[in-house]
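Taken together, the values in this text are just the output of simple stated rules run on the coordinates, not laboratory data. In this text the structure is predicted, and so the values were computed from the model without any measurement. Here the Cβ positions follow ideal geometry from the backbone for every residue, glycine too, while neighbour counts run over all protein chains shown.
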Amino acid sequence: MEQKVCSATKRRVENDRGAVEFLCPACGEKKIIRSSYARVNAIKYSCDCGFVGPN
């Protein structure tokens, strides 16, 4: 089973109730996973297509 890891902090998010998972808003191809810590602290993430968020 593949472990889910935050795209920004590289922390595991299996037991993180505030974690979210979505496709890149720009290309719609890469899966972005955000931990609750990364979301609350607005830590930037990036996609292979060059998109950087949150903006």
> Quick one: in the chain, which of the residues that are under 9 Å from the mean Cα position of the chain (by Cα) and among the hydroxyl-bearing types (Ser, Thr, Tyr) is surrounded by the fewest Cβ atoms within 10 Å (Cβ to Cβ)?
Replying inline: 46
> Which residue pairs have Cβ atoms under 9 Å apart, sit 6 or more places apart or on different chains, and have a first residue in segment 31-55 that is farther than 16 Å from residue 15 by Cβ and a second that is part of a helix (DSSP H, G or I)?
Replying inline: 43/37; 44/38; 45/38; 54/39
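Take segment 1-51 and flag every residue that is among the charged types (D, E, K, R) and out of contact with any strand residue (DSSP E or B) (no Cβ under 9 Å at 6 or more places or on another chain). Walk me through how you get there before you give the answer.
Taking segment 1-51 first, the residues among the charged types (D, E, K, R) are 2, 4, 10-12, 14, 16-17, 21, 29-31, 34, 39, 44, 48.
Within segment 1-51, 2, 10, 14, 16, 17, 48 meet the criteria.
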>> Taking the conditions exactly as written (acidic (Asp, Glu) and in a loop (DSSP other than H, G, I, E, B)), does residue 21 satisfy them or not?
In response: no
